Each structure stands twice: as structure tokens, then as C-alpha cells.
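The values are calculated or read from the model by the stated rules, or taken from the named source; none is laboratory data. Being a predicted model, the structure only gives us computed values, none of them experimental. Don't worry about glycine lacking a Cβ; one is built from the backbone with ideal geometry, like all the others, and counts go over all protein chains shown.
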Amino acid sequence: MRRSLLFMPGNNPAMLQNSDVFEADAVIYDLEDAVSVTEKDSARKLVAEFLRFNKSLPMEVVIRINGLDTDFYSSDLEYVVSDRIDTIMLPKADHDGLLQLDKLLTKIEQEKGLTKKIKVIPIIELAKSVLEIEKIVTCPRVDGVLLGAEDLSSDLDVIRTKKGDEILYARQRLVMACSAYKIDSIDTPFTDTNDNDGLKTDCEFAVSIGFTSKSAIHPNQVTTINKTFVPTKEKIEWALRVEAANAEALKKGLGVFSLDGKMVDKPVIERANKILKKAKAYKLI
Amino acid sequence: MKIGIAGSLESNDALITVKSSEKLEIIIESIVYDFFYEQIKAVILDTLKTANLSNVCVICKDKGALDYTIRARLLTAIERMEKA
């Protein structure tokens, strides 16, 4: 379960050494877009050494490797895959690429004798990937999917806007697929790092259509994301009342009961349970 | 002469140059020289040992890099020198 995933440039020692202090549920050490082509070798070694020697790491360590269509991904995996990381993030992911990545990771895990299985978060940033999202979410290791709206807009040849009408279909399709397979749906980053009101509106919209999490490109976005991607105080209070009323109803042998003049049945009780589960996970109750 | 350079002069980083040489030579410039010269030198020596290199000249311009950064930059510089 994640609320926020914070991108960190992989070739910046000053940012790496502070990456565990921003309260993001996951930190994504980026070897792809944040690193110039001439510094790929340097970045992967820096991240690998950082992970090996730093005792204090974020809750979840994610590495965004370079795409499978580049000359870099193989060395990225060779250097960074270890028991110190949790997840590989694959850019421009598609179904066949994810199957290829699974084989590569299995081989590396066996060769290095890893004690854990590395998870994968594919980034959906091609129109083709949006269309095959139902297959992507069933791929091995995938436990969340990130929407990459900047590259997707480029692929669609449309202008990226703050409101995001141009990515609405992709957002909803991704949420539906992730929800069906009970994995995290991770919204695209909000790219204006100086517009906190815009970020809040964007987060609230993402929550309203079912996203579980959002990525951040600046540490100053993490707090807003963490606050928005948890149940509100009102929702928690409502869920607690449903839970209490349900307990009373069960004593009376009732499957359906009324609360505040509204019928409460199994789907409503399940929704309340989900809210309480999330609230407990983030220590809100 | 083969040469490899990696890193930067940004804060918390180090710019490391490695050159082929007839003997081992280590030159360190650091903003924390008085306190950390020995530690930086030890990291460089240990990394060279790992890379099985003895006859090289290493120039480290340190801007407050932690050990893992110096090690990573040196390993990159060595790899670049070998590919040069």
C-alpha cells in the first residue's frame, strides 16, 4: 500500500543522501530521464554504492531503470538488483517487455542468491500500453502501475494540460484494471512544483476516480499527496459508525440495517471496512 | 596516456580523475582536508585494491562527498579510463 512515490535523480549525491527524510512511502531512484546519456554509467554505480553502504533507506526502494529499447537497462539491472531494493520501475512498458524483465530478474535473483523477489511497477506511457493494460496488470511481479502522462501525451501528439482532459481515458482505464487485480494505481506526477493548490486539486481528482497513489517529482509535493491519499476524518468517522451499527445488527441477526435514514448492506459495509483498513495502516485511528 | 574522469564539483560530490602511471600516486584536494584526508585516502586505496589497480594516478577534488560517492566516482573513472 502506497500513497506517495518520490522521484530522485540517480546521479545527485546530495539528494540521494537525504532521500529517506521526505516521508514518501517509496523513493524512486531514477536512472532514466533524470540522468543524461553520458552519465548513465556514473549514476548506476552511485545508486548501487549508495544502497550498499547507506544504513538508512526509505520504506520502499524503487529503481527506475532505462527502457528495454536502450543499451542501458541490462547494466542497470546488473548493478542495482540486490536485497537492498524492493521494486524495479520499467519505463515505456508493454506486455512482452514485462515478460522479458521477469526472466531477467529471475536470472539475476538466482545468480546473486537474493532472499526476496523483486516487484515491478510498469509505466504506462504509450497508447499501445493503455490498450493492453488488462494484460499488463496480470504480468508476473507487477504490484502497481504508474501512468506517465508526459510521454503518453507526446505519443498521442496532444498538449498536456493541468486539467488533464487529454489523459482522462488513460487514467480511468488504468484505475479499472488495477482495481480489478487489487494492485496500486499510481497517478502521473503533477509537474508544476510551485503550484500547491493545483497539486491538491489534481490529487483530489485522482482520488475521486479511484487512484490509490500518486508520484511526486519534488519533495515539497509529498505532504500534500500523503494527506490526500488517505481517508478524510469525516469518512473515517462514518466508517466507524457503520462498523458499530453493523456489530449491533449482527447481534440482532440483521443483514441489512438503517443508518442516518440510509440503507446499509454488504457493499456499504465493505466500503467502510476498506476505509478503516487504510486508516489503520496509516495510523489515523 | 589513458585517462578517466567522473563526478562533479557540486556540493556533496567529488570530481575524480584517474590516469595510467608508472607508480601509485594519490592527490587529494578537499574542503574537509584537515578532518577527512586519511579517510578519503583509505576509500581510494580500498577501491583501487578492489579494482586490482596499483600503478595509477588518482586526483580527487572533494566537495564533501561521503565514502560511497567517492567509491562510485572512482569506479566510474576507472571504467572510463579502461575504455578510453
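Answer yes or no: is there a residue in the range B:3-20 that is in a helix (DSSP H, G or I), farther than 19 Å from residue A:17 by Cβ and touching a residue at least 40 places away in the same chain (Cβ under 8 Å). The answer is no, given that none of the residues of the range B:3-20 is in a helix (DSSP H, G or I), farther than 19 Å from residue A:17 by Cβ and touching a residue at least 40 places away in the same chain (Cβ under 8 Å). Consider residue A:33 carefully, then state whether it is part of a loop (DSSP other than H, G, I, E, B), more than 14 Å from chain B (Cβ to nearest Cβ), of a type in the set (D, E, K, R) and farther than 28 Å from residue B:46 by Cβ. When the stated conditions are applied, residue A:33 passes them. Among the residues examined, residue A:48 does not qualify as buried (at least 16 other Cβ atoms within 10 Å of the Cβ) and farther than 28 Å from residue B:7 by Cβ. For the subset of the range A:4-30 comprising residues that are over 18 Å from residue A:191 (Cα atoms), in contact with a Ser or Thr (Cβ under 6 Å, 6 or more places away or on another chain) and more than 9 Å from chain B (Cβ to nearest Cβ), which member is modelled with the lowest pLDDT? Checked the range A:4-30; the qualifying residue modelled with the lowest pLDDT is A:20. Taking the criterion of being small (Gly, Ala, Ser) and over 15 Å from the mean Cα position of the chain (by Cα), the residues of the range A:193-242 that qualify are A:198, A:208, A:239.
Summed over the range B:25-82, residues that are in a helix (DSSP H, G or I), within 14 Å of another protein chain (Cβ to nearest Cβ) and charged (D, E, K, R) total 7.
Of the residues making up the range A:38-70, those that are away from chain B (no Cβ under 14 Å) and out of contact with any helix residue (DSSP H, G or I) (no Cβ under 8 Å at 6 or more places or on another chain) are A:58, A:59, A:60, A:62, A:64, A:69, A:70. Going through (1) buried (at least 19 other Cβ atoms within 10 Å of the Cβ); (2) over 25 Å from residue A:9 (Cβ atoms); (3) of a type in the set (D, E, K, R) one by one, residue A:187 falls short only on (2).
I'd like the full set of residues that are of a type in the set (D, E, K, R), in a loop (DSSP other than H, G, I, E, B), touching a strand residue (DSSP E or B) at 6+ places or on another chain (Cβ under 9 Å) and surrounded by fewer than 22 Cβ atoms within 10 Å (Cβ to Cβ), limited to the range A:100-154. Before the answer, list the steps.
Keep residues of the range A:100-154 that are of a type in the set (D, E, K, R), which gives A:102-103, A:107, A:109, A:111-112, A:116-117, A:119, A:125, A:128, A:132, A:134-135, A:141, A:143, A:150-151.
Right, trim to in a loop (DSSP other than H, G, I, E, B) and you get A:116-117, A:125, A:132, A:141, A:143.
Applying the additional criterion that residues be touching a strand residue (DSSP E or B) at 6+ places or on another chain (Cβ under 9 Å) yields A:125, A:141, A:143.
Selection gives A:141, A:143.
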